[in-house]
Amino acid sequence: MNNISISFQPMTVREILRRSFRIYKSNYIRFIGTILLIKGSYLILGYIIKEIIVFIVKGPNPDTLAPETMIYVDYLIDLGIKAFELFFITPFLVGILTISISSMLLNKKAGIVDVYSRLSKKILPLIGTVFITGVMMAVVFFMSASLGLSMIFAGSQPGLLVVIAGMFMTGVLLVWYAFISQAVIFEGEGGIGAMKRSKYLVKGSFARTFLLVIVSLIAITFAAELASLGVYQLFSLFGSYGITLAGGASEGVSNIISVIVEPLRIIIIIILYYDFRIRKEGYDPEIMAQEFKGITEKESEV
């Protein structure tokens, strides 16, 4: 355990990545198992719900529905499943991994029951904070995308710049609010307070945070999409029957890649969070131990 304990000295980007890979390598079965238990169960449930809704929408005469209608229905269902995962499942997973990884860094034993117990009184403010932040990012992205695309279709050249500006601003918000989960769980912040706290930690180190947070997110997304595309092309070689199965198979592979790699991204964010606190506030093992212990103490007072 000592070889993955946090070093209470400022770390370089290379050191953060090396330490993150070391933690992931030593505990990847535990991390993947945690995600599979929660996200895997949710994906299975989401698939079942989707099939039920599609069955109800089709009704007794499915052939009477226009193909465009089913495409629209599928899109809305997938959007709803992804939105619920983003605002509810992902915060829960991040909270569990944050507490679990922090216990490792502090050389504290924390079993599954202990981790869930510590998170139980933090989950509602965590979900609320993620929801507020997510809505803010969604509004910025979709408003700029809608405006930019409407300008492009109208023949206005600046439309592309509006779309790019919206993507850039969404990236800025992702960087500013990268540490809201840690601020909620360990510092007792919530909502706007957690967002301000995260932005304070990032201040003066935007490029460093962008490199580790955004680039790692892009890398994971690219790996998942590349694997998904490869599977789709492979199934397409088997004709119309293969194409019928290609969509589900490619989505499944994309989900598997995300489950395998997602813990590493979260580890990088957690290590970076501790590094910023070390740099800005002289964070040390005693403070970390008090905050870690404080989660349990606050729960017992409720």
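The values are calculated or read from the model by the stated rules, or taken from the named source; none is laboratory data. Since we're looking at a predicted model, the values are computed, not measured. Virtual Cβ from ideal backbone geometry, glycine too; neighbours counted across all protein chains shown.
Details
- When residues of segment 1-22 are limited to those that are out of contact with any Pro (no Cβ under 9 Å at 6 or more places or on another chain) and aliphatic (A, V, I, L, M), the one modelled with the lowest pLDDT: MET1
- Only one of the numbered conditions (1) at pLDDT 75 or above; (2) out of contact with any Ser or Thr (no Cβ under 9 Å at 6 or more places or on another chain) is not met by ALA138, and that is (2).
- Within segment 203-216, the residues that satisfy the criterion of being of a type outside the set (Ser, Thr, Tyr), over 30 Å from VAL253 (Cα atoms) and either part of a loop (DSSP other than H, G, I, E, B) or at pLDDT below 85 (or both) are LYS203, GLY204.
- Looking at LEU97, LEU105, LEU124, just one residue is surrounded by 14 or more Cβ atoms within 10 Å (Cβ to Cβ), of a type in the set (A, V, I, L, M) and modelled with pLDDT of 75 or more, and that residue is LEU97.
- Pairs meeting the criteria (first residue in segment 210-230 and closer than 26 Å to PHE276 by Cβ, second residue of a type in the set (Asp, Glu), beta carbons under 8 Å, at least 6 apart or on different chains) are ILE220/GLU262.
- Close pairs from segment 178-207: first under 11 Å from GLY95 (Cα atoms), partner in a loop (DSSP other than H, G, I, E, B) and of a type in the set (Lys, Arg), Cβ under 7 Å, at least 6 apart: VAL184/LYS122; ILE185/LYS122
- Single unsatisfied condition, LYS39 versus (1) of a type in the set (D, E, K, R); (2) within 22 Å of the chain's Cα centre (by Cα); (3) modelled with pLDDT of 80 or more: (3)
- Filtering GLY134, GLY191, GLY155, GLY171 for residues that are closer than 25 Å to ILE266 by Cβ, surrounded by fewer than 16 Cβ atoms within 10 Å (Cβ to Cβ) and of a type outside the set (A, V, I, L, M, F, W, C) leaves a single hit, GLY191.
- Residues that are of a type in the set (Asp, Glu) and surrounded by 14 or more Cβ atoms within 10 Å (Cβ to Cβ), drawn from segment 70-92: ASP74, GLU85
- Residue match in segment 217-239 (condition: touching a Leu at 6+ places or on another chain (Cβ under 9 Å) and at pLDDT below 75): yes
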